[in-house]
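Here is the structure we will look at.
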């Protein structure tokens, strides 16, 4: 039976970052990953393939609307074959590097699935049919997440798509599509399909899309989506799915409007993701919260202090940069627990959580939202400024949305949101400001080049600073 200082369950972004860090700190480390292909969710079935598809959709939309910029041109569709080749080329590049690093020999890589047989041992079922039991001094659960499929009559055998199917690039693009869900994944894929010319209907159960955002931010996305031709229904209750003669029919109750049916050539289920904890044995050793996530504190420690968790299995956001940070924190704290580092334990700070959605318009936020501040009875001042009154966005023809800043009574910035052009890029100035505890006055007096999208932040900052 082999023994390791640090064992990582999962070789995705969180797991690889943790293994790399632990090895550098002198811990004997093993990574256990039984996926068909190494690389992790972000590279293989998430961030990178989705943004590849969205880049195509954005250019298709530019062609479709080029007359608005005095350009003579037309759009005649996409080549799914060429898009798939581009997607495969990029993903092979991204995944190849990760696979090389995982197989480099710097740590032990076990190709299989693991289950806790006790608080200090793991039973590993290897992909080659073998089995092994290993012991560990510390461990990290970084198993990622899985697609959530709703229990909906008629759905199971209907031939629906999930994000996995779409991100492989279907051979045939449907003329019409129904999307179940209104979160980031659902809206990004709705954006892709509408961008390349598919008629899209989005059905969301909650009263607004993007439930983690303020209502005014979500409203901009909803209105812009409808303006570009997407049919969007919120505040619904899904009833059933049927498929006849190659057509999907989704029956739902629309609050205030009664029962309705939407039809389309294809159905995409994008109702969220769940922690991939099934089969790990984590529940048996008391690590799971009622939500199904692995319980952790800000040090990434579970109720068993020698076992840590990072990434989608524990939250609070399913985003890669946070997963990497959590994995590194967990590895360093494991090293401290084992006496390799003498400094005080490291804790994660959640005051500047960062989130983005690559729709049109894009959405991004950092720190507190206005709704969160209200729920926590925190006194904040709020200021906004619209893109339709901003020079650079007017030139770009990007008039949807606004920026928003939240400051505490002393003027320190505690949150920011942007819905509009290049929001996922613009948010980083405010991410730095919130992270460093800057004031609205400091942002307002910092030089901003004109004309740029970035200078829009100075207007709500000036209002909050009373300049």
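Quick note: the coordinates plus some simple rules give every number you see, no bench work behind them. Keep in mind that what you see is a predicted model, and the values were worked out from it rather than measured. So basically every Cβ, Gly included, is an ideal-geometry build from the backbone, and we count neighbours across all protein chains shown.
Any chance you could check the Cα centroid distance between region 385-455 and region 226-273 for me, in angstrom? Here the answer is 36 Å between Cα centres. Applying 1/(1 + (r/R0)^6) with R0 = 25 Å to the Cβ-Cβ distance of residue 121 and residue 278 gives a FRET efficiency near 0.80. At full extension, residue 344 and residue 395 could sit 13.2 nm farther apart than now, given 0.36 nm per residue minus the alpha carbon distance.
Assuming a ≥ b ≥ c are the square roots of the Cα gyration tensor eigenvalues, decide whether the chain counts as rounded (a/c under 1.5), prolate (otherwise, with a/b larger than b/c) or oblate. Cα axes put the chain in the oblate bin.
Bridges between two residues of the chain, per DSSP, are antiparallel at a rate of about 65%. With a Förster radius of 30 Å applied to the beta-carbon distance between residue 90 and residue 291, the computed FRET efficiency rounds to 0.30.
Per-residue extension of 0.36 nm, minus the Cα-Cα distance of residue 72 and residue 1, leaves a gain of 18.5 nm for this segment. The simple Förster model, with R0 at 41 Å and r as the Cβ-Cβ distance, assigns residue 237 and residue 381 a FRET efficiency of 0.60.
Highest mean packing first, where packing is the average number of other Cβ atoms within 10 Å per residue, the peptides 17-27, 76-86 line up as 17-27, 76-86. Kindly identify region 163-271 as rounded, prolate or oblate by the Cα gyration tensor criterion: order the square roots of the eigenvalues as a ≥ b ≥ c, call it rounded if a/c is under 1.5, otherwise compare a/b with b/c, prolate if a/b is larger, else oblate. Oblate. Remark: spin-label model distance residue 28-residue 108 equals 0.7 nm, labels positioned 7 Å along the Cα→Cβ axis. Contour minus end-to-end for residue 63 and residue 259, with contour as 0.36 nm per residue of separation and end-to-end as the Cα-Cα distance? Between residue 63 and residue 259, full extension yields an extra 66.8 nm. With the highest mean first, a sort of the peptides 293-299, 377-383 on other beta-carbon atoms found within 10 angstrom per residue produces 293-299, 377-383.
The modelled label-to-label distance between residue 452 and residue 171, using points 7 Å beyond Cα along the C-beta direction, is 4.8 nm.
Mean residue ellipticity, 222 nm, helices only, the chain: the sum of -39500 (n - 2.57) across DSSP H runs of n ≥ 4, divided by residue count and rounded to 500, is -9500 deg cm²/dmol.
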